[in-house]
Amino acid sequence: MRYALLLLLFAAAPHLIAADVEIPFELDEGHSLILVTTQVNGRDALTIVDTGAPLTMFSPAAAGVDSFAMARSRFMKDSPGFLAVGVNKQVRLTFGGTTRDRVVGAVDMSKVRETYRRPIDGLIGQDVLRELKRVVIDYERRVLILTR
């Protein structure tokens with residue numbers, strides 16, 4: 001009887017058995033930034049979680065792109081957000097408990113660093129976030145809760 005009740009509970013509430021991953025974040029309240037540490041090519045990178053960005057982007061140093069290839073790369077402030085010009089680069093990205101090879105944009109992040117006065121290495125965009133079933137921002141506990 002006890003096992004039948006547990007089985008019924010799991011069947012009725014599949015969200016309770018989903019493997020959620022919690023990632024602590026720093027909230028830069030002055031700029032409303034959610035900052036997380038990710039890994040790019042095995043190295044820590046401070047990144048913005050940017051739900052408005054269609055693509056994930058990193059600095060040339062974080063993505064492993066030489067400066068010659070980045071001659072025209074930049075962020076421009078032409079609208080409410082930033083407009084990025086860069087190159088595509090395949091990296092090994094660790095985010096949300098998963099590591100995988102993926103193509104990201106490599107963009108000169110100096111304008112972003114200057115604007116926010118932080119050593120920001122990149123941003124996590126919708127291309128990564130859309131691979132998740134659910135993204136919850138728990139401001140009180142300062143964690144992202146990711147469900148695959």
Self-check item: Selection within the stretch 75-93 - charged (D, E, K, R) and either within 19 Å of Thr38 (Cβ to Cβ) or at pLDDT 55 or above (or both)
Solution: Asp78, Lys89, Arg92
Quiz prompt | Of all residues in the stretch 26-74 being basic (Lys, Arg) and modelled with pLDDT under 90, the one that is farthest from the chain's Cα centre (by Cα) | solution = Arg72
Exercise. Hey, could you check the stretch 94-129 for residues that are among the charged types (D, E, K, R) and surrounded by 19 or more Cβ atoms within 10 Å (Cβ to Cβ) and say which is modelled with the highest pLDDT?
Key: Asp121
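The values are calculated or read from the model by the stated rules, or taken from the named source; none is laboratory data. These figures come from a predicted structure and were not determined experimentally. Cβ: placed from backbone, ideal geometry, glycine included. Neighbour counts: every protein chain shown.
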